[in-house]
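What follows is a single structure, and I will ask about it in a moment.
The values are calculated or read from the model by the stated rules, or taken from the named source; none is laboratory data. Here the structure is a predicted model, which means the values were calculated and not measured. Neighbour counts run over all protein chains shown; Cβ positions are idealised from the backbone, glycine included. Side chains included, ligands, DNA and RNA excluded: accessible areas come from the protein's heavy atoms. Shrake-Rupley method; radii C 1.70, N 1.55, O 1.52, S 1.80 Å.
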Amino acid sequence: MEDIMKLDENTLKQAALTAGIEEVDLQTFFAQGERIEYAAGDWLFQESTPRNWAGIILAGEIQLVRGLHGSSHRVGTVSAGGLISEGVFIDQDSHANGGYTRLGAVVWQVSREKIDVFRKEQPEIFYRLVSRVAVAINRRMRTLSEQLYGETCKRRTMSGFRLEHDSLGHREIPGDAYYGVQTQRAIENFPISGVPVSNFSHLIEGFAFIKIAAARANFELGVMDGEKMEALCGACVELLEGKLHEHFAVDMFQGGAGTSTNMNANEVITNRGLELMGHEKGEYQYLHPNDHANCSQSTNDTYPTAVKLAVLLSHRNLARGMEDLKNALLQKSVEFKDVLKMGRTENQDAVPMTLGQEFSAYAVMVGSAMRAIEGASEEFMHINMGATAIGTGINCPLGYADLVTEKLVEVSGFPLKRAGNLVEATQNAGTFVQMSATMKRAAVQISKICNDLRWLSSGPRCGLNEINLPPMQPGSSIMPGKVNPVIPEVVNQICYQVIGYDTVVSMAAESSELELCMAEPIIAYDLLHGMMILKNACVTLASRCIVGIEANRDVCRSYVENSIGLVTALVPVIGYEPSAAIAKEALKTGGSVYNLVLEKGLLTKKELDDMLSPEKMTDPRDIPQHL
C-alpha cells in the first residue's frame with residue numbers, strides 16, 4: 001500500500017471520489033497491483049479481447065474507441081484518477097471498446113488472477129467494489145445513451161439544400177452536409193463498393209495532418225492570412241478528434257488517382273472552417289476548398305502522402321496485434337517445453353521434439369514478419385509534399401516543399417523527409433509494393449501456423465489430437481457435439497485475402513504511366529484494409545485461441561513411443577542395422593519401437609526412458625557409446 005501512496009496519493013483519492021468507492025476499499029484492492037507504463041500510441045486493450053486486469057490511471061489519458069473495421073469512433077476519454085477496465089469485476093465478457101493512449105500513460109494494474117484471489121480472500125470488500133462499479137457503469141451507459149439519442153435526433157433533422165457549382169455546373173447539396181459539389185459528383189459517379197472513406201479514420205487523420213501543415217507553411221510564406229490559416233487548422237483538429245468523419249462519403253474505389261478523396265477533405269475542412277469564421281457552409285468567397293484548403297497542393301502529392309501517413313498509423317495497430325500474438329505463442333512455448341511429441345515432415349513421422357519447440361518456432365515466425373513490416377514502414381517516411389502535379393512544384397512558393405515537410409513532422413510526430421527526387425516520388429508506387437509484399441509474408445507465415453493448429457487439434461478421436469483448442473461455438477447444424485477450429489479457420493481466410501491484395505497492389509503499382517500512378521485508390525484500400533484485418537486476425541487468434549490451448553501430453557508421448565521415427569534417435573546408441581531391424585519388425589507387426597527395444601534387451605527401461613527425456617531428445621547431447 002505504501003507503494004501506491006508514493007506513486008500518487010491524490011490520484012487514489014480522486015478515483016475513490018469519482019467512482020463512489022470507499023478510499024480504504026480501493027487502497028486495499030490496489031495494494032496488490034503493479035505500475036505499468038504505456039508509450040504514446042500504445043493500446044491497453046483491444047475491442048473484443050478478454051478483460052485481463054483492472055486499473056487506475058496515474059498519469060496521462062486513455063481514449064476509449066469503438067470500431068474494429070477501420071472507422072474507430074471515440075466513445076470517451078479517461079484521465080488520471082479514473083478507473084479503467086473495471087468491467088472485469090462484473091463478468092467474464094470481452095472488452096466492448098478498445099483503449100489506447102495518444103500521448104502515453106501510466107496505469108496501476110491488478111491482474112485477473114489476483115482479482116480472483118482477492119474475491120476469495122476478502123469477499124466483503126470485493127462485492128462492495130462490484131456494487132459500486134456496477135452503479136458507475138450504469139451511470140456511464142445512461143449518459144452515452146442520452147448522447148446517442150441526441151446525435152440520432154440531429155441526423156434526422158434536415159436543414160434544406162444549398163446550391164453549389166463547379167466547372168461542370170450546379171448541384172444541390174444537403175444543407176447539413178459538410179462536403180460540397182465535387183464530393184457530390186464523386187458520390188454519384190462511384191457507387192461501387194459501399195465502403196466510404198469514412199471507414200478509414202487513419203486516412204482522414206492523414207489528410208488532417210497534411211492540411212494543417214500546408215496551412216501553416218502557406219501562412220509563414222505569406223500566401224495565406226492568419227484568419228484563414230486558423231480556421232483551416234481548427235477544422236482539422238476536429239477531424240483528429242474524430243469529428244465530421246461521416247461526411248467523408250466518397251467510395252474508396254474511385255477514378256482520378258484520389259482527386260475525389262482530396263476534394264472531399266478540402267470541402268469538409270473548408271465548410272467547417274467557414275463556420276469557425278462565423279460564416280455559412282458554402283460561402284466560399286471567404287474560404288475556398290481549392291484556393292485555400294488546397295493551396296500549394298495537388299492531389300498528386302497530398303493523396304499519396306495521406307496514404308503513407310495512414311499506413312504508418314495503421315502499422316502501429318498491426319504491430320501491437322502481432323506483438324500480442326508473438327507473446328502468446330512464447331508463453332505457450334514455455335508451458336509446453338516438457339511435452340515430448342513427434343515432429344513430422346511431409347506429413348510423415350520424423351524425429352521427436354517438444355511441443356514447446358513447435359510453438360517457439362511459431363513465435364519466431366511472427367517476430368520475423370514484424371521486423372520485415374517495420375523495415376518496409378521506414379520507406380514511408382519519404383514523402384513528395386511540394387511536388388504538386390507531377391513533381392516540378394508548380395504553383396507553390398519558393399521553399400514550400402521543405403517547410404511543409406517540416407510542419408508535417410511537427411504535427412504528425414513521424415520523422416518524415418522530403419523525397420530526393422519529387423518527380424520520381426510522384427510516379428513511383430514501389431514503396432507500396434514493398435509494404436504489401438511484407439504483409440503477404442506475414443499472412444503466409446500466420447496462415448501456416450493456423451494450418452498446423454488445425455492439424456494438431458484434429459480429431460478428437462480420429463485425428464492427431466495432440467492439442468485442444470478452446471471450444472468457441474457449436475460446429476454443426478446436423479452433427480451434435482461437433483466443435484470446429486473456427487478461429488484458425490477465419491484467420492486462414494483473412495490471410496488468403498491479404499495474399500490476394502498483394503497481387504492487386506502489384507498490378508496497380510505497375511499501372512503507373514509516365515508521371516502518375518492512377519490506381520493509388522485501390523492500393524490505399526488494399527493496404528489499409530489488409531492491415532486492419534490482419535491486425536484483427538492477430539488479436540483474435542491470440543486472445544480467442546492461443547492463450548487457451550491445452551496439450552494432450554499422454555497422446556503426444558504415446559506417438560513418440562509408438563512411432564517408427566523413434567529409431568532414428570537410437571541409431572547412435574544401438575547402431576544402424578539393429579535400428580533398421582527394429583523399424584522393419586515394428587512396421588510388420590504393428591508393435592511399438594519402445595517395447596521391441598526392451599523385449600530384445602537392446603536397452604534397459606531406465607536407459608531408454610533416459611534417452612526419451614525431452615531435454616535429451618530435442619537438443620544436442622553427449623551420445624552414449626555404441627552398445
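Yes/no matrix, rows are residues, columns are (1) under 20 Å from Ser543 (Cα atoms); (2) at pLDDT 85 or above; (3) part of a strand (DSSP E or B):
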residue: Ile57; (1), (2), (3): no, yes, yes
residue: Ile62; (1), (2), (3): no, yes, yes
residue: Val65; (1), (2), (3): yes, no, yes
residue: Gly87; (1), (2), (3): yes, no, no
residue: Asp91; (1), (2), (3): yes, no, no
residue: Gly99; (1), (2), (3): yes, yes, yes
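Please verify whether Gly255 is assigned by the TED database to the domain that holds Ile204, assigned to a loop (DSSP other than H, G, I, E, B) and surrounded by fewer than 16 Cβ atoms within 10 Å (Cβ to Cβ), treating the condition exactly as stated.
Criteria met by Gly255.
Each row is one residue, and each column tells you yes or no for (1) at pLDDT below 95; (2) under 27 Å from the mean Cα position of the chain (by Cα); (3) surrounded by 19 or more Cβ atoms within 10 Å (Cβ to Cβ); (4) of a type in the set (Phe, Trp, Tyr).
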site: Gly273; (1), (2), (3), (4): no, no, yes, no
site: Leu287; (1), (2), (3), (4): no, no, yes, no
site: His292; (1), (2), (3), (4): no, no, yes, no
site: Ser296; (1), (2), (3), (4): no, no, yes, no
site: Asn300; (1), (2), (3), (4): no, no, yes, no
site: Pro304; (1), (2), (3), (4): no, yes, yes, no
site: Val307; (1), (2), (3), (4): no, yes, yes, no
site: Ala310; (1), (2), (3), (4): no, yes, yes, no
site: Asp324; (1), (2), (3), (4): yes, yes, yes, no
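If you go through segment 368-386, how many residues are surrounded by 18 or more Cβ atoms within 10 Å (Cβ to Cβ) and not aliphatic (A, V, I, L, M)?
Residues in segment 368-386 being surrounded by 18 or more Cβ atoms within 10 Å (Cβ to Cβ) and not aliphatic (A, V, I, L, M): 4 in total.
Do we have any residue at all in segment 348-365 that's touching a Gly at 6+ places or on another chain (Cβ under 6 Å) and crowded, with 23+ Cβ neighbours inside 10 Å?
no
Among the candidates Asn552, Asn562, which residue alone is of a type outside the set (Val, Ile, Thr), surrounded by fewer than 23 Cβ atoms within 10 Å (Cβ to Cβ) and at pLDDT 95 or above?
Asn552
Taking Ile574, is it touching a residue at least 60 places away in the same chain (Cβ under 8 Å), out of contact with any Gly (no Cβ under 9 Å at 6 or more places or on another chain) and not polar (S, T, N, Q)?
no
Another question, then. Among the numbered conditions (1) in contact with a Gly (Cβ under 6 Å, 6 or more places away or on another chain); (2) at pLDDT below 95; (3) open to solvent by 20 Å² or more (accessible area, probe 1.4 Å), tell me where Ala389 comes up short.
(1)
Can you name every residue in segment 228-252 that is farther than 15 Å from Gln182 by Cα, within 28 Å of the chain's Cα centre (by Cα) and assigned to a helix (DSSP H, G or I)?
Ala235, Cys236, Val237, Glu238, Leu239, Leu240, His245, Glu246
Kindly indicate which of Pro470, Pro521, Pro488 is in contact (Cβ under 8 Å) with a residue 40 or more places away in the chain, assigned to a loop (DSSP other than H, G, I, E, B) and under 26 Å from the mean Cα position of the chain (by Cα).
Answer to the check: Pro470.
Further question on the same structure: Taking the condition of being open to solvent by 70 Å² or more (accessible area, probe 1.4 Å) and at pLDDT below 95, how many residues in segment 434-471 meet it?
Going through segment 434-471 one residue at a time, the tally reaches 4.
Taking the conditions exactly as written (in the same structural domain as Ile449 (by the TED database), in contact with a strand residue (DSSP E or B) (Cβ under 6 Å, 6 or more places away or on another chain) and open to solvent by 30 Å² or more (accessible area, probe 1.4 Å)), does Arg320 satisfy them or not?
Taking the combined requirement at face value, the residue satisfies it.
Moving on to the next point. Where the second residue is among the aromatic types (Phe, Trp, Tyr) and open to solvent by less than 60 Å² (accessible area, probe 1.4 Å) and the first is assigned to a strand (DSSP E or B) and at pLDDT 85 or above and lies in segment 20-43, which pairs have Cβ atoms under 6 Å and are six or more apart or on separate chains?
Hits for this filter: Arg35/Trp108.
Here's a follow-up. Could you say whether any residue in segment 172-181 is open to solvent by 20 Å² or more (accessible area, probe 1.4 Å) and closer than 17 Å to Thr405 by Cα?
No, every residue in segment 172-181 fails to be open to solvent by 20 Å² or more (accessible area, probe 1.4 Å) and closer than 17 Å to Thr405 by Cα.
Further question on the same structure: For Tyr501, are the conditions met, namely being open to solvent by less than 30 Å² (accessible area, probe 1.4 Å) and at pLDDT 95 or above?
Against the criterion (open to solvent by less than 30 Å² (accessible area, probe 1.4 Å) and at pLDDT 95 or above), Tyr501 qualifies.
Taking Cys396 as meeting all but one of (1) open to solvent by less than 20 Å² (accessible area, probe 1.4 Å); (2) in contact with a Ser or Thr (Cβ under 6 Å, 6 or more places away or on another chain); (3) under 30 Å from Leu516 (Cβ atoms), write down the number of the exception.
(1)
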